[in-house]
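Beneath this line is the structure, given in structure tokens, with notes to follow.
The values are calculated or read from the model by the stated rules, or taken from the named source; none is laboratory data. Fair warning: this is a prediction, and the values are worked out from it, not measured in the lab. Don't worry about glycine lacking a Cβ; one is built from the backbone with ideal geometry, like all the others, and counts go over all protein chains shown.
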Amino acid sequence: MQSKKQTIVLAFTIVACFAVVIALSRYMDANRPKLDSNIEEENLYVAGNTAKKMSLGFNGLVADWYWMRSLQYIGRKLINHKGDLQIDNLTALNPKLLYPLLDNATTLDPDFTAVYEYGAIVLPTINKDDAIKLVKKGIEANPADWKLYHQLGYIYWKSGDFKSASKTYLDGSKLPFAPPWMRVMSARIEGEGGSRQTAREMFTNMLNESSDRQIKELAAKRLLQIESFDERDEIQKVILSFQERAKRCPSSWLEITNNLSGVTLPTGRKLRIASNGTPVDPLDTPYLLVQKNCHVDLDWNNSKIPYK
């Protein structure tokens, strides 16, 4: 009985200590003085193995804490940044602490698949080697998880290493329960590399397979961006055709509306034309007819389609 009481007291003490740590962390975040951003970035957290020893067996709880800290860290930087950014290109934020935070989370909980997925999307443009290292760490801990091969293949594809990307998808396709499209992606990348159709399939699979809301939103936006690329290619062809015939740029969309209305995109869909004769992007913002060099462009001030 005495031993049982001691165990209960110890458990309550540990929980109370974690509560104090969390409360103190929040207080420090709310009241810490403003520092130069370069100095603030040096405030590194303890290494993952050290954190694991200090967690007293509550590895999952501490891993969740590091995961939340990584999201808060990026969230604060996004709030302070002026301009639109996509989560697959946060280079402008210079998030030096992101990899250490994600690495700690996965050291504490090697099965934390959400962290590997997030790292595979966010890290490649920040530090490709860190992105590869993180996901390979996940594969080592979870060798039967085909989704990790999908994420590693994406990193290689994103960085232009199509040979490694193709091999990674092929390796992943051999795992139990891997979907047939993994082998298809391997062949597609091997044959077409960074083609637009490969990108379309890549982000379609990401949209269908991810359970992370931010990643699904990113994939949906990238698919709309690819659709807009197709649209602008076809619109530009009509503009150039008019220019060759008339020896000048169209003065407005109305001069080529009839030609635009007959355009069929590579996906088989017809080009969207507004009631005033203006072609519109996939989210219905009118395209711009730029007279200076006679080309079509996104209305980047108003369109929700990613410009880059």
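Might you let me know whether segment 236-244 holds any residue that is assigned to a helix (DSSP H, G or I), under 30 Å from Tyr154 (Cβ atoms) and not assigned by TED's automatic domain parsing to the domain that holds Asp88? Yes; the residues of segment 236-244 include at least one that is assigned to a helix (DSSP H, G or I), under 30 Å from Tyr154 (Cβ atoms) and not assigned by TED's automatic domain parsing to the domain that holds Asp88.
From the list Tyr156, Tyr116, Tyr149, the one residue that fits, being modelled with pLDDT of 95 or more, among the hydroxyl-bearing types (Ser, Thr, Tyr) and closer than 22 Å to Leu101 by Cβ, is Tyr116.
Contact map, segment 250-265: first residue free of Cβ contacts under 8 Å to residues at least 60 places away in the same chain, second residue surrounded by 12 or more Cβ atoms within 10 Å (Cβ to Cβ) and among the acidic types (Asp, Glu), Cβ cut-off under 7 Å, separation 6 or more or different chains; pairs are Val263/Glu234; Leu265/Asp230; Leu265/Glu231; Leu265/Glu234. If only residues of segment 139-166 that are assigned to a helix (DSSP H, G or I), charged (D, E, K, R) and crowded, with 17+ Cβ neighbours inside 10 Å are counted, the one that is nearest to the chain's Cα centre (by Cα) is Lys158. Among the residues of segment 60-110, those identified as closer than 24 Å to Pro306 by Cβ, in contact with a Lys or Arg (Cβ under 8 Å, 6 or more places away or on another chain) and not polar (S, T, N, Q) are Asp88, Leu90, Leu93, Pro95. Of all residues in segment 167-179, exactly one satisfies the criterion of being among the aliphatic types (A, V, I, L, M) and buried (at least 19 other Cβ atoms within 10 Å of the Cβ), namely Ala178.
Only one entry in Met182, Met202 is assigned to a helix (DSSP H, G or I), crowded, with 17+ Cβ neighbours inside 10 Å, modelled with pLDDT of 95 or more and touching a His at 6+ places or on another chain (Cβ under 8 Å), namely Met182. Residues in segment 167-210 that are of a type in the set (Asp, Glu) and over 21 Å from the mean Cα position of the chain (by Cα): Asp171, Glu190, Glu192.
Quick check: anything in segment 111-126 farther than 21 Å from Glu217 by Cα and under 16 Å from the mean Cα position of the chain (by Cα)? There is no residue in segment 111-126 that is farther than 21 Å from Glu217 by Cα and under 16 Å from the mean Cα position of the chain (by Cα).
For every residue, the table says whether it meets (1) of a type in the set (Asp, Glu); (2) surrounded by 15 or more Cβ atoms within 10 Å (Cβ to Cβ).
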position: Glu234; (1), (2): yes, yes
position: Arg248; (1), (2): no, no
position: Ser252; (1), (2): no, no
position: Ser303; (1), (2): no, yes
position: Pro306; (1), (2): no, yes
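Considering segment 205-215, and only residues there that are touching a helix residue (DSSP H, G or I) at 6+ places or on another chain (Cβ under 7 Å) and not in a helix (DSSP H, G or I), the residue that is surrounded by the most Cβ atoms within 10 Å (Cβ to Cβ) turns out to be Ser210.
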